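*Asks:* The structure under discussion is supplied below as structure tokens; questions concerning it will follow.
The values are calculated or read from the model by the stated rules, or taken from the named source; none is laboratory data. Values in this document were obtained by computation on a predicted structure and should not be read as measured data. All Cβ positions, glycine included, derive from the backbone under ideal geometry; neighbour counts span all protein chains shown. Remember, those area values only see protein heavy atoms, side chains included, never the ligands or the DNA or RNA. Shrake-Rupley method; radii C 1.70, N 1.55, O 1.52, S 1.80 Å.
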Amino acid sequence: MREIGLSLLNDKGEIKQYADFQADVIKLNDKYNKAYLYAEYKHAISTSQMAAKWVGIEADGDRYLLQYRTAEDNRVREDHAALDGITLPPSDPFWSKYYPPNGWGCRCTAVQVRRGKYTESDPKAAMELGDSATEAAKQQIFRFNAGKEMKLFPPKHPYFKAPAEAKKVITEVVEEESEQVRKDRYKAELPTYLTDAEREAIAQNCVEIEKELTIKKGTPMSVEDADKQSANPNHGKGYEYSINCQTCAPAYMLRLRGFNVTAKGNTTGSLSQYLARQRSFEAWLNPDGSACSGVLTVDWMAGKGYKRMNAKRYKEYFEETCKEQGVYVLTIGWKGGGGHATILQRFEDGTLSYIEPQVYSEKLGARRPIDELCNDGGTSPYYKRGILRIDNKVFNKNFLSIFDK
């Protein structure tokens, strides 16, 4: 089944005709039991469609009643005909057991109806009818709601009665397939201005981060959602959250990618403290896994023949070094002493903005002018400070402990 790909869809994303699906299987094994295959093909489609329908039903809560309906023709089995017209709220336990399909080839459905238009059924009587309709041993396995349990086949189906070793292999296969599906989705979410190799590496990095942090990546965040004090929500609650800029910057980048992480405080012996010692760039790796280096301020100055920095030269440095659309980590020293790690971001419209993930300013908003950085930058930069583009890099997993999740 893995070799077939378990694919019910064609290249256009449409449900395959049964003949096409069967042909895929027969190419691999012409002795496959065609009768069982057809029943399972039909059940897989019916169950997945009803499960998708349940998502919408559940979203409406008990605003509407849910009514059981058969196909209303001479092929309807008597057991299922007895359930026709049962009308109950979606929250009633009846639907946890008897939401269709209720057997191989079942064509029943459930539809939302307005309250007051139909008489609500007696819950106890409805449950008894459901039990009676599925009392045979081979029918009882269908007593589940695919939309609630998110399972294609009944939990007690023989598929699940495999030897321990087989289950282990199956689990590994499913996890591998699921991981690939997520990776493909994450790759598609990344900006198209990145190279294919960069997107492939970042998508793989996202899957690995999920495993390490035991969380799932969400959809990419906007600049406002990634910032707005969200990267460092504990600012003001302790000194360690006012000196953790080197952790806030990568937290912002991972939030842009969809990870709901926040910066831990800079405490003695922590990796946040390690990065604070002019090692901010070590949190990032090139797509091939090698160490990356930024454009150091002193190197840029040497190329220009500058001995000292001023506001005009900082602006020139920022504009030249961050000329491509993307996200950049900036490490900068202040005129009055001390330093800072923060974000510069070049947007699609060409604007270069200063993003401050450590402490948010309601007055200035998420996209701040770069002028304040230019005006406050020290005249004689420390030789390890500079700018590194990070939106085309992978996060170094060795530093994942700097985040809360």
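*Asks:* Which one, Tyr239, Val261, Thr214, projects farthest toward the positive side of the charge dipole computed for the stretch 214-266 from Cβ point charges (K/R +1, D/E -1)?
*Replies:* Thr214
*Asks:* OK, next. What is the Rg over Rh value, at two decimals, for the stretch 176-241, using alpha-carbon atoms and the Kirkwood definition of Rh?
*Replies:* My calculation of the ratio gives 1.09.
*Asks:* Evaluate 2.2 N^0.38 Å with N set to the residue count of the chain, then give the Cα radius of gyration divided by it.
*Replies:* Relative to the 2.2 N^0.38 Å estimate, the chain comes out at 1.36.
*Asks:* Whole-Hz ³J(HN,Hα) for each residue in the stretch 281-291, computed from phi via Karplus 6.51 cos²θ - 1.76 cosθ + 1.60 with θ = phi - 60°, x for glycine and proline: what do you get?
*Replies:* Residue by residue, the stretch 281-291 yields 5, 5, 6, 10, 10, 5, x, 8, x, 7, 5 Hz.
*Asks:* Taking θ as phi - 60°, what are the ³J(HN,Hα) couplings along the stretch 142-147 by the Karplus curve (6.51, -1.76, 1.60), each to the nearest whole Hz, with x for Gly and Pro?
*Replies:* For the stretch 142-147, the Karplus-derived couplings read 8, 7, 7, 10, 4, x Hz, x marking Gly and Pro.
*Asks:* Give me the Å³ per residue figure for the convex hull around the C-alpha atoms of the stretch 334-393.
*Replies:* 115 Å³
*Asks:* Given a Förster distance of 22 angstrom, what is the FRET efficiency for Val55 paired with Leu8, based on the Cβ-Cβ distance and rounded to 0.05?
*Replies:* Computed FRET efficiency for Val55 and Leu8 comes out at 0.75.
*Asks:* Okay, moving on. Just the accessible area for Arg389, please: 1.4 Å probe, Å², rounded to the nearest 10?
*Replies:* Surface accessible to solvent at Arg389 totals approximately 40 Å².
*Asks:* Still on this structure, I have one more. Please give the per residue accessible area of the chain, computed with a probe of 1.4 Å over protein heavy atoms only, in Å².
*Replies:* Value for the chain: 53 Å² per residue.
*Asks:* In Å³ and rounded to a whole number, note down the convex hull volume per residue for the Cα atoms of the stretch 74-174.
*Replies:* Dividing the Cα hull volume of the stretch 74-174 by its residues yields 122 Å³.
*Asks:* For the stretch 109-256, what is the Kirkwood hydrodynamic radius in Å, using each pair of distinct C-alpha atoms?
*Replies:* About 21.0 Å for the stretch 109-256.
*Asks:* Shifting gears a bit: In the stretch 233-370, how does Rg compare with the Kirkwood Rh, expressed as the Rg/Rh ratio over alpha carbon atoms?
*Replies:* 0.95
*Asks:* Run the simple label-point estimate for Glu172 and Ser242 please: 7 Å along Cα→C-beta, distance reported in nm.
*Replies:* 5.4 nm
*Asks:* Count the net charge of all other residues whose Cβ sits under 9 Å from the Cβ of Leu296, scoring Lys and Arg as +1 and Asp and Glu as -1.
*Replies:* Once all neighbours under 9 Å are counted, the net charge is +1.
*Asks:* While we're on this one: Can you tell me what the convex hull of the Cα atoms of the stretch 309-352 projects to on average, as an area in nm²?
*Replies:* Average projection, Cα convex hull of the stretch 309-352: 3.2 nm².
*Asks:* Another question, if that's okay. Going by a ≥ b ≥ c, the root eigenvalues of the Cα gyration tensor, does the stretch 243-290 fall in the rounded group (a/c under 1.5), the prolate group (a/b larger than b/c) or the oblate group?
*Replies:* Oblate is the answer for the stretch 243-290, as a/c is 1.5 or above yet b/c matches or exceeds a/b.
*Asks:* Taking the full set of protein chains and a 1.4 angstrom probe, give the accessible area of Asp196 in square angstrom, rounded to the nearest 10.
*Replies:* Probe radius 1.4 Å; accessible area of Asp196 about 90 Å².
*Asks:* While we're here: State, to one decimal in nm², a quarter of the convex hull surface area for the C-alpha atoms of the stretch 40-104, i.e. the direction-averaged projected area.
*Replies:* 4.6 nm²
*Asks:* Could you check what % of the DSSP bridge pairs in the chain are antiparallel, to the nearest 5?
*Replies:* Given both bridge residues lie in the chain, the antiparallel proportion sits at roughly 95 percent.
*Asks:* Can you give me the convex hull volume of the Cα atoms of the stretch 26-136, divided per residue and expressed in Å³?
*Replies:* Enclosed volume per residue, from the Cα hull, is 117 Å³.
*Asks:* Given the convex hull over the Cα atoms of the stretch 294-405, what projected area results after averaging over all orientations, in nm²?
*Replies:* About 8.2 nm², averaged over all directions.
*Asks:* Put one equal scatterer on each alpha carbon of the stretch 206-311, apply the Debye formula with no solvent term, and list log10 I(q)/I(0) at q = 0.12 1/Å to two decimals.
*Replies:* With one equal scatterer per Cα and no solvent, log10 I(q)/I(0) is -0.54.
*Asks:* Here is a follow-up. If you take the alpha carbon radius of gyration of the stretch 209-266 and divide it by 2.2 N^0.38 Å, what ratio comes out, to two decimals?
*Replies:* Here the answer is 1.10, to two decimals.
*Asks:* If the only charges are +1 at each Lys and Arg Cβ and -1 at each Asp and Glu Cβ, what is the size of the charge dipole of the chain around the Cα centre, to the nearest 20 debye?
*Replies:* 860 debye
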